[in-house]
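Okay, so here's the structure we're looking at.
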Amino acid sequence: MQRKVAAFHDISGFGRCALTIAIPVLAAGGIQCCPVPSAVLSAHTAFKGVTFRDLTCDIDAFIKNWSEIGVQLDGIYSGYLGSEKQMEQVLALKRLCGKDNSLLIVDPVMGDNGKAYSIVGTEGYIEGMRSLCRSADVITPNLTECALLLGIDPDSIENSREAVTGYMKELCERGAGAVVVTGLTENDKVGAGFYDAESGTLGFLFHELIPVYYPGTGDLFTSVLTSSLIGKDRTLEQAVSDAALFVKECAEYTKEQGTPSIEGVQFEKLLYKLIG
Ligand code: PXL
(Lines give C-alpha, C1' and ligand atoms only; values in the text may rest on other atoms or scores of the structure.)
Protein backbone atom coordinates (compact mmCIF):
# COMPACT_ATOMS: atom_id res chain seq x y z
CA MET A 1 0.00 0.00 0.00
CA GLN A 2 1.29 3.43 -0.90
CA ARG A 3 2.07 5.45 2.25
CA LYS A 4 0.42 8.80 3.00
CA VAL A 5 2.13 11.65 4.85
CA ALA A 6 0.61 15.01 5.81
CA ALA A 7 3.09 17.86 5.35
CA PHE A 8 2.11 20.71 7.69
CA HIS A 9 4.23 23.66 6.49
CA ASP A 10 3.77 27.06 4.81
CA ILE A 11 3.65 27.54 1.08
CA SER A 12 6.04 30.27 -0.02
CA GLY A 13 5.57 31.11 -3.69
CA PHE A 14 9.20 31.95 -4.38
CA GLY A 15 12.49 30.80 -2.95
CA ARG A 16 12.26 27.01 -2.45
CA CYS A 17 11.34 26.01 1.10
CA ALA A 18 8.63 24.28 3.10
CA LEU A 19 5.83 22.81 0.92
CA THR A 20 7.51 23.66 -2.38
CA ILE A 21 10.24 21.23 -1.24
CA ALA A 22 8.22 18.71 0.81
CA ILE A 23 5.65 17.91 -1.90
CA PRO A 24 8.09 17.01 -4.71
CA VAL A 25 10.57 15.26 -2.41
CA LEU A 26 7.96 13.05 -0.74
CA ALA A 27 6.40 12.31 -4.13
CA ALA A 28 9.79 11.27 -5.53
CA GLY A 29 10.09 8.91 -2.55
CA GLY A 30 6.83 7.27 -3.64
CA ILE A 31 4.74 8.82 -0.84
CA GLN A 32 1.36 10.49 -1.33
CA CYS A 33 2.01 13.91 0.20
CA CYS A 34 -1.11 15.53 1.69
CA PRO A 35 -0.35 19.23 2.34
CA VAL A 36 -1.73 21.20 5.28
CA PRO A 37 -0.73 24.80 4.43
CA SER A 38 0.09 26.63 7.66
CA ALA A 39 0.43 30.01 5.91
CA VAL A 40 0.75 31.48 2.45
CA LEU A 41 3.68 33.79 1.74
CA SER A 42 4.77 35.43 -1.49
CA ALA A 43 8.34 34.26 -0.80
CA HIS A 44 10.37 32.98 2.15
CA THR A 45 11.23 35.50 4.82
CA ALA A 46 14.83 36.15 3.79
CA PHE A 47 13.31 38.26 0.97
CA LYS A 48 12.09 41.81 1.67
CA GLY A 49 8.45 42.89 1.84
CA VAL A 50 6.91 39.43 1.60
CA THR A 51 3.15 38.92 2.06
CA PHE A 52 2.03 36.61 4.89
CA ARG A 53 -1.41 35.09 5.43
CA ASP A 54 -1.78 32.86 8.45
CA LEU A 55 -4.22 29.98 7.89
CA THR A 56 -4.70 28.92 11.54
CA CYS A 57 -8.43 29.74 11.38
CA ASP A 58 -9.01 27.23 8.56
CA ILE A 59 -7.13 24.30 9.99
CA ASP A 60 -9.56 22.88 12.60
CA ALA A 61 -12.21 22.50 9.89
CA PHE A 62 -9.60 21.20 7.44
CA ILE A 63 -8.64 18.41 9.87
CA LYS A 64 -12.27 17.69 10.78
CA ASN A 65 -13.03 17.21 7.09
CA TRP A 66 -10.08 14.83 6.66
CA SER A 67 -11.27 12.81 9.62
CA GLU A 68 -14.83 12.66 8.20
CA ILE A 69 -13.67 11.56 4.77
CA GLY A 70 -11.47 8.88 6.37
CA VAL A 71 -7.94 10.13 5.67
CA GLN A 72 -5.53 7.67 7.36
CA LEU A 73 -1.95 8.87 7.60
CA ASP A 74 1.29 6.90 7.94
CA GLY A 75 3.10 10.05 8.98
CA ILE A 76 2.67 13.66 10.01
CA TYR A 77 5.59 15.90 9.12
CA SER A 78 5.52 19.47 10.43
CA GLY A 79 7.80 22.39 9.68
CA TYR A 80 7.30 26.17 9.67
CA LEU A 81 4.13 26.91 11.62
CA GLY A 82 2.17 30.16 11.43
CA SER A 83 1.11 30.38 15.09
CA GLU A 84 1.27 28.69 18.50
CA LYS A 85 -2.19 27.23 17.99
CA GLN A 86 -0.90 25.30 14.98
CA MET A 87 1.34 23.26 17.29
CA GLU A 88 -1.83 21.87 18.92
CA GLN A 89 -3.38 21.39 15.48
CA VAL A 90 -0.44 19.17 14.45
CA LEU A 91 -1.22 16.94 17.46
CA ALA A 92 -4.95 16.99 16.68
CA LEU A 93 -4.16 15.90 13.12
CA LYS A 94 -2.19 12.93 14.44
CA ARG A 95 -4.95 12.02 16.89
CA LEU A 96 -7.75 12.22 14.35
CA CYS A 97 -6.10 10.99 11.16
CA GLY A 98 -2.93 9.10 12.17
CA LYS A 99 -2.84 5.31 11.91
CA ASP A 100 -1.91 3.52 15.16
CA ASN A 101 1.73 3.27 14.10
CA SER A 102 1.97 6.66 12.38
CA LEU A 103 5.20 8.62 12.85
CA LEU A 104 5.27 12.26 13.95
CA ILE A 105 8.32 14.01 12.48
CA VAL A 106 8.78 17.59 13.69
CA ASP A 107 11.24 20.01 12.17
CA PRO A 108 11.05 22.76 14.82
CA VAL A 109 11.66 25.55 12.30
CA MET A 110 12.51 28.63 14.41
CA GLY A 111 15.81 30.06 13.20
CA ASP A 112 19.29 29.56 11.81
CA ASN A 113 22.81 30.90 12.22
CA GLY A 114 22.13 32.04 15.79
CA LYS A 115 19.06 34.12 14.89
CA ALA A 116 15.36 33.40 15.38
CA TYR A 117 13.06 33.84 12.35
CA SER A 118 10.50 36.68 12.48
CA ILE A 119 7.64 34.22 13.16
CA VAL A 120 9.13 33.47 16.60
CA GLY A 121 7.61 36.55 18.19
CA THR A 122 7.15 35.35 21.75
CA GLU A 123 8.39 32.90 24.36
CA GLY A 124 4.95 31.27 23.94
CA TYR A 125 5.85 30.28 20.39
CA ILE A 126 9.07 28.61 21.58
CA GLU A 127 7.24 26.95 24.50
CA GLY A 128 4.62 25.60 22.04
CA MET A 129 7.36 24.13 19.86
CA ARG A 130 9.00 22.56 22.93
CA SER A 131 5.70 20.94 23.78
CA LEU A 132 5.19 19.66 20.22
CA CYS A 133 8.72 18.19 20.22
CA ARG A 134 7.94 16.28 23.43
CA SER A 135 5.30 14.28 21.51
CA ALA A 136 7.37 13.71 18.36
CA ASP A 137 8.96 10.46 17.22
CA VAL A 138 11.76 12.32 15.43
CA ILE A 139 12.82 15.99 15.66
CA THR A 140 15.37 17.68 13.41
CA PRO A 141 16.57 20.98 14.93
CA ASN A 142 19.62 22.82 13.68
CA LEU A 143 21.94 24.15 16.40
CA THR A 144 20.05 27.45 16.74
CA GLU A 145 16.77 25.59 17.19
CA CYS A 146 18.44 23.22 19.64
CA ALA A 147 19.42 26.26 21.72
CA LEU A 148 15.88 27.70 21.59
CA LEU A 149 14.35 24.34 22.58
CA LEU A 150 16.77 23.91 25.48
CA GLY A 151 16.65 27.54 26.62
CA ILE A 152 20.36 28.12 25.89
CA ASP A 153 21.59 31.42 24.40
CA PRO A 154 22.17 30.58 20.68
CA ASP A 155 25.51 32.42 20.84
CA SER A 156 26.81 30.03 23.48
CA ILE A 157 25.63 26.75 21.97
CA GLU A 158 28.53 24.35 21.34
CA ASN A 159 29.23 22.44 18.16
CA SER A 160 31.41 19.61 19.60
CA ARG A 161 30.28 15.97 19.38
CA GLU A 162 30.29 15.74 23.16
CA ALA A 163 28.10 18.80 23.66
CA VAL A 164 25.69 17.82 20.85
CA THR A 165 25.36 14.31 22.31
CA GLY A 166 24.32 15.94 25.57
CA TYR A 167 21.76 18.17 23.80
CA MET A 168 20.27 15.20 21.94
CA LYS A 169 19.99 13.10 25.09
CA GLU A 170 18.36 15.99 26.97
CA LEU A 171 15.79 16.51 24.18
CA CYS A 172 14.96 12.78 24.30
CA GLU A 173 14.66 12.91 28.08
CA ARG A 174 12.09 15.65 27.59
CA GLY A 175 10.05 13.31 25.38
CA ALA A 176 11.27 13.21 21.77
CA GLY A 177 11.80 9.65 20.48
CA ALA A 178 14.85 10.50 18.39
CA VAL A 179 16.80 13.66 17.58
CA VAL A 180 18.79 14.61 14.48
CA VAL A 181 20.81 17.83 14.83
CA THR A 182 21.64 19.35 11.46
CA GLY A 183 24.17 21.93 10.31
CA LEU A 184 27.10 20.79 12.49
CA THR A 185 30.58 21.68 11.32
CA GLU A 186 33.89 19.92 11.96
CA ASN A 187 37.22 20.63 10.21
CA ASP A 188 35.77 22.12 7.01
CA LYS A 189 33.07 19.47 6.90
CA VAL A 190 29.35 19.77 7.54
CA GLY A 191 27.09 17.12 8.98
CA ALA A 192 24.52 15.88 11.45
CA GLY A 193 24.33 14.05 14.75
CA PHE A 194 21.60 11.52 15.54
CA TYR A 195 20.37 9.75 18.65
CA ASP A 196 17.52 7.29 19.05
CA ALA A 197 16.54 6.93 22.69
CA GLU A 198 14.85 3.55 22.31
CA SER A 199 17.64 1.70 20.52
CA GLY A 200 20.46 3.83 21.96
CA THR A 201 21.79 4.41 18.41
CA LEU A 202 24.12 7.41 18.46
CA GLY A 203 26.23 8.70 15.61
CA PHE A 204 27.62 11.58 13.59
CA LEU A 205 27.98 11.88 9.85
CA PHE A 206 30.07 14.52 8.07
CA HIS A 207 30.80 15.31 4.45
CA GLU A 208 32.43 18.04 2.38
CA LEU A 209 31.15 21.56 3.14
CA ILE A 210 29.83 23.50 0.12
CA PRO A 211 30.77 27.05 1.16
CA VAL A 212 27.53 28.86 0.22
CA TYR A 213 24.55 29.42 2.55
CA TYR A 214 21.31 28.39 0.89
CA PRO A 215 17.98 28.86 2.71
CA GLY A 216 15.66 25.86 2.71
CA THR A 217 18.33 23.19 3.10
CA GLY A 218 16.85 22.22 6.49
CA ASP A 219 13.50 21.62 4.78
CA LEU A 220 15.22 19.59 2.09
CA PHE A 221 17.09 17.52 4.70
CA THR A 222 14.00 16.65 6.76
CA SER A 223 11.88 15.99 3.65
CA VAL A 224 14.42 13.42 2.40
CA LEU A 225 14.72 11.96 5.91
CA THR A 226 10.91 11.59 6.09
CA SER A 227 10.79 10.06 2.62
CA SER A 228 13.49 7.52 3.56
CA LEU A 229 12.01 6.64 6.97
CA ILE A 230 8.37 6.35 5.91
CA GLY A 231 8.54 5.65 2.17
CA LYS A 232 11.53 3.32 2.12
CA ASP A 233 11.61 1.84 5.66
CA ARG A 234 15.24 2.92 6.05
CA THR A 235 16.84 3.03 9.54
CA LEU A 236 17.47 6.39 11.20
CA GLU A 237 21.17 6.19 10.37
CA GLN A 238 20.49 5.33 6.71
CA ALA A 239 17.87 8.08 6.44
CA VAL A 240 20.31 10.67 7.88
CA SER A 241 22.89 9.53 5.35
CA ASP A 242 20.38 9.76 2.45
CA ALA A 243 19.35 13.26 3.53
CA ALA A 244 22.88 14.58 4.08
CA LEU A 245 24.07 13.22 0.72
CA PHE A 246 21.13 14.67 -1.23
CA VAL A 247 21.50 18.13 0.36
CA LYS A 248 25.22 18.09 -0.41
CA GLU A 249 24.65 17.06 -4.04
CA CYS A 250 22.00 19.77 -4.53
CA ALA A 251 24.22 22.45 -2.95
CA GLU A 252 27.16 21.39 -5.13
CA TYR A 253 25.04 21.45 -8.28
CA THR A 254 23.54 24.85 -7.40
CA LYS A 255 26.96 26.33 -6.74
CA GLU A 256 28.11 25.11 -10.18
CA GLN A 257 25.01 26.68 -11.77
CA GLY A 258 25.71 29.96 -9.94
CA THR A 259 22.11 30.95 -9.17
CA PRO A 260 21.52 33.50 -6.35
CA SER A 261 21.86 31.78 -2.98
CA ILE A 262 18.67 33.45 -1.65
CA GLU A 263 16.66 31.39 -4.20
CA GLY A 264 17.70 28.18 -2.44
CA VAL A 265 19.11 24.96 -3.84
CA GLN A 266 18.26 23.61 -7.26
CA PHE A 267 16.97 20.18 -6.34
CA GLU A 268 14.58 19.72 -9.25
CA LYS A 269 16.98 18.16 -11.73
CA LEU A 270 18.33 15.80 -9.05
CA LEU A 271 14.95 14.50 -7.82
CA TYR A 272 15.41 11.38 -9.93
CA LYS A 273 18.03 10.23 -7.40
CA LEU A 274 15.28 9.84 -4.78
CA ILE A 275 13.08 7.63 -6.95
CA GLY A 276 13.03 3.88 -6.36
O1 PXL B 1 13.31 27.04 5.56
C2 PXL B 1 12.51 27.33 6.61
C3 PXL B 1 11.46 28.35 6.26
C4 PXL B 1 10.18 27.94 5.98
N5 PXL B 1 9.21 28.80 5.65
C6 PXL B 1 9.46 30.12 5.58
C7 PXL B 1 10.73 30.61 5.84
C8 PXL B 1 11.76 29.70 6.19
C9 PXL B 1 13.10 30.20 6.47
O10 PXL B 1 13.42 31.34 6.35
O11 PXL B 1 10.96 31.93 5.75
C12 PXL B 1 8.36 31.06 5.21
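Just the accessible area per residue of the chain, please: how many Å² with a 1.4 Å probe?
Working: 12050 Å² over 276 residues.
Accessible area per residue, the chain: 44 Å².
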Quiz item: Rounded to the nearest 5, what is the percent of antiparallel bridges among the DSSP beta bridges in the chain?
Solution: 45 percent
Quiz item: Roughly how many whole Å is it from the C-alpha centroid of segment 212-276 to that of segment 84-137?
Solution: 22 Å
Exercise. For D153, D233, give the ranking by accessible area with the largest first, probe 1.4 Å.
Key: D233, D153
Exercise. As a check on your grasp of the helix formula, calculate [θ] at 222 nm for the chain: sum -39500 (n - 2.57) over DSSP H runs of n ≥ 4, divide by the residue count, round to the nearest 500.
Key: -11500 deg cm²/dmol
Self-check item: Karplus-derived 3J(HN,Hα), 6.51/-1.76/1.60, for each residue of segment 178-188, Hz, glycine and proline x
Solution: 8, 10, 10, 9, 9, x, 7, 10, 7, 6, 6
Quiz item: Could you give the Stokes-Einstein D for segment 4-267 in µm² per second, using the C-alpha Kirkwood radius, 10 °C, 1.306 mPa s?
Solution: 87 µm²/s
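With the contact rule set at Cα under 8 Å and sequence spacing of 6 or more, what percent relative contact order holds for the chain? Let's see the in-between values first.
On the way: 564 pairs, mean separation 49.8, N = 276.
Normalised by residue count, the contact order of the chain is 18 percent.
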Quiz item: What does the accessible area of T217 come to, in Å² to the nearest 10, when a probe of 1.4 Å is used?
Solution: 40 Å²
Quiz prompt | Accessible area of segment 147-276 belonging to carbon and sulfur atoms, whole % at 1.4 Å probe | solution = 47 percent
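The values are calculated or read from the model by the stated rules, or taken from the named source; none is laboratory data. None of the values given here were measured: they were computed from a predicted structure. Just so you know, the surface numbers come from the protein's heavy atoms only, side chains and all, with ligands and any DNA or RNA stripped out. Shrake-Rupley method; radii C 1.70, N 1.55, O 1.52, S 1.80 Å.
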